[in-house]
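Taking it in order: structure first as structure tokens, then the write-up.
The values are calculated or read from the model by the stated rules, or taken from the named source; none is laboratory data. All values reported here derive from a predicted model rather than from experimental measurement. FYI the Cβ positions are ideal-geometry reconstructions off the backbone, even for glycines, and counts take in every protein chain you see.
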């Protein structure tokens, strides 16, 4: 039995016509559902009776369009793109072809030509960039992930505030939770100084004040402690401990995975 490829409109038309054939629908009802005249409905019924469902498929399917550009025009545009605009996208290449060479082509038509010629890869077929997942640490307390979330935690009973969460990477244990007015370095230093009096190489990651998971808006904050005098501009830190911050802009949000995963 041959397989017939039909569009949704053609399939809906087939269901209505089968209803008329079985007596479940009247011809008047079929005319209203299909938006056709009685003569057209009877013509479709006759074709369905003799040719089956394939008679409802458009005869123009698979045939070239009557408004397509000549092959010579296509070859000229692709040759110009290969020679001068090989590293251009379809949109910019179409603009340059129209401005410099007087070759007017829509960007979508040029996109299809470039994909067929192997000059462009559409977004669906591009290989994703490889990113290695970060491995969990082996020991409790070796790595603590820090993030702040601004939200109306107390609804209308208080102003918006930020919740700072400290999560252990090895065990996913909540180490510390703290509500602060805004996310700042000193708010991070305060619980860090209270909870880790003698850390040996503790590392912490902190998200920015917007939202964890937004591309390009994530900062990694690694806090390394050493035996140095306390700075004058950071009175909230532990005496005798000096943190050195290394802020790194992350290109994508998956550089910090979910601690609960």
**Message:** modelled with pLDDT of 90 or more and either under 30 Å from residue 70 (Cβ atoms) or surrounded by fewer than 16 Cβ atoms within 10 Å (Cβ to Cβ) (or both): is that true of residue 185 in this structure?
**Reply:** no
**Asked** Just to be sure, is residue 104 surrounded by fewer than 16 Cβ atoms within 10 Å (Cβ to Cβ) and touching a residue at least 40 places away in the same chain (Cβ under 8 Å)?
**Response** no
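For the range 129-157, name all the residues that are on the phi > 0 side of the Ramachandran plot and in contact (Cβ under 8 Å) with a residue 40 or more places away in the chain. If you could, list the steps in order and put the result at the bottom.
Filtering the range 129-157 down to residues on the phi > 0 side of the Ramachandran plot leaves 141, 155.
The answer is 141, and nothing else.
Across the range 115-144, what is the number of residues that are within 21 Å of residue 70 (Cβ to Cβ), out of contact with any helix residue (DSSP H, G or I) (no Cβ under 7 Å at 6 or more places or on another chain) and surrounded by 14 or more Cβ atoms within 10 Å (Cβ to Cβ)?
1
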**Asked** With respect to the numbered conditions (1) exposed (fewer than 11 other Cβ atoms within 10 Å of the Cβ); (2) free of Cβ contacts under 8 Å to residues at least 24 places away in the same chain, which one is the sole condition not fulfilled by residue 160?
**Response** (1)
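Only one of 88, 42 is in the same structural domain as residue 12 (by TED's automatic domain parsing) and either over 20 Å from residue 6 (Cα atoms) or in contact (Cβ under 8 Å) with a residue 40 or more places away in the chain (or both). Can you tell me which?
None of the others qualify; the one that does is 42.
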